[in-house]
Amino acid sequence: MFSHTKVFFPIFYYLPLPSPTNQFTFMKKILLSITIFAITVFTASAQAEWTQAKADKWFADHQYLDGLKLVPVPSTNKIEFAKQYNANKAVWDKVFAYLKNTDLNALPVGKYAVEGTAATVAVTDNPTKDYEKTAWESHRKFIDLQYAVTGAEKMETAPITSLTVTEPYLDAKDVAHYGGTGMQYVATQGAFFLFFPADAHRVNIKADGSDHDKKIVIKIPYVQ
């Protein structure tokens, strides 16, 4: 009696190779993906590597100003500035170029755009105020660059964590308000202030010997 054994033969499926043109396109896509991934990883790594010493040196070199005579005040949060500048260099470069190439003294009161960016410029020419008539504020979407073109005013700043919230953040206006005290500085010609989301600020405060100033506020998008 013969037993019957079932024998199975494997069936191989052959996929046609893409044409040389398609192979080239496919490789280009892979290389582009790898490059984008590498740049993303490198940028994230670089952003995480800012130490206080490294940020202090970068800040003091002023290379980022590219010839602009105005400088940031020494009290600037240098690590945050370094991170934001390098994460959004094209915008910051255009902002600094705008300040360098514009006659700020002749610039009329009004609102302007920094061409090719989402940054905006507001020019005011107003009396400054008594301290109790000013208010603390902070912003999440934009960084404030504030500069007194003529005259002077006091600006007070403090970490938002050191203050008491009096009005919670309102997304529609990109602002929150606080109560408390901080460090005061006098804003005059030659140096600008930078206020990041963690920096509450109280501005337009009357300074000794000056009750009026012309001021520029540039709103620069904050990179999360």
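If you go through the stretch 206-224 and keep only what is in contact (Cβ under 8 Å) with a residue 40 or more places away in the chain, surrounded by fewer than 19 Cβ atoms within 10 Å (Cβ to Cβ) and among the acidic types (Asp, Glu), you end up with just Asp211. Of the residues making up the stretch 144-169, those that are outside any strand (DSSP E or B) and either aromatic (Phe, Trp, Tyr) or surrounded by fewer than 13 Cβ atoms within 10 Å (Cβ to Cβ) (or both) are Thr161, Ser162. Identify, please: which residue in the stretch 144-178 is touching a residue at least 60 places away in the same chain (Cβ under 8 Å) and farther than 17 Å from Ser75 by Cα and is, among those, nearest to the chain's Cα centre (by Cα)? Taking the candidates together, the pick is Val149.
Select from the stretch 170-197 the residues that are among the aromatic types (Phe, Trp, Tyr) and not in a strand (DSSP E or B) and list them in ascending order.
The answer is Phe196, and nothing else.
Restricting to the stretch 167-224, name every residue that is touching a helix residue (DSSP H, G or I) at 6+ places or on another chain (Cβ under 9 Å), of a type in the set (Asp, Glu) and within 19 Å of Glu132 (Cβ to Cβ). None - no residue of the stretch 167-224 is touching a helix residue (DSSP H, G or I) at 6+ places or on another chain (Cβ under 9 Å), of a type in the set (Asp, Glu) and within 19 Å of Glu132 (Cβ to Cβ), so the list stays empty. One residue alone among Ala198, Ala113 is free of Cβ contacts under 8 Å to residues at least 60 places away in the same chain, of a type in the set (Gly, Ala, Ser) and surrounded by fewer than 17 Cβ atoms within 10 Å (Cβ to Cβ), and that residue is Ala113. Among the residues of the stretch 62-73, is there at least one that is in a helix (DSSP H, G or I), modelled with pLDDT of 95 or more and not hydrophobic (A, V, I, L, M, F, W, C)? Checking the stretch 62-73: at least one residue is in a helix (DSSP H, G or I), modelled with pLDDT of 95 or more and not hydrophobic (A, V, I, L, M, F, W, C).
Considering only residues that are among the acidic types (Asp, Glu) and not in a strand (DSSP E or B), look in the stretch 107-143 and name the one that is nearest to the chain's Cα centre (by Cα). Per the stated criteria, the residue is Glu115. Within the bounds of the stretch 7-21, is there any residue that is modelled with pLDDT of 95 or more, small (Gly, Ala, Ser) and surrounded by fewer than 16 Cβ atoms within 10 Å (Cβ to Cβ)? Looking for residues that are modelled with pLDDT of 95 or more, small (Gly, Ala, Ser) and surrounded by fewer than 16 Cβ atoms within 10 Å (Cβ to Cβ), one finds none in the stretch 7-21, hence no.
Table: residues versus (1) under 25 Å from Ser162 (Cα atoms); (2) in contact with a Phe, Trp or Tyr (Cβ under 7 Å, 6 or more places away or on another chain); (3) touching a residue at least 40 places away in the same chain (Cβ under 8 Å); (4) surrounded by fewer than 18 Cβ atoms within 10 Å (Cβ to Cβ).
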{"position": "Glu80", "(1), (2), (3), (4)": "yes, yes, yes, no"}
{"position": "Val91", "(1), (2), (3), (4)": "no, no, yes, no"}
{"position": "Asn101", "(1), (2), (3), (4)": "no, no, no, yes"}
{"position": "Val121", "(1), (2), (3), (4)": "no, yes, yes, no"}
{"position": "Asp130", "(1), (2), (3), (4)": "yes, no, yes, yes"}
{"position": "Thr134", "(1), (2), (3), (4)": "yes, no, yes, no"}
{"position": "Phe142", "(1), (2), (3), (4)": "yes, yes, yes, no"}
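Inside the stretch 57-95, can you point out the residues that are polar (S, T, N, Q) and closer than 20 Å to Lys219 by Cα?
Residues satisfying the conditions are Ser75, Thr76, Asn77, Gln84, Asn86, Asn88.
The values are calculated or read from the model by the stated rules, or taken from the named source; none is laboratory data. What you see is a predicted model, and the numbers here were worked out from it, not measured in a lab. All Cβ positions, even for glycine, are placed from backbone atoms using ideal geometry, and neighbour counts span all protein chains on display.
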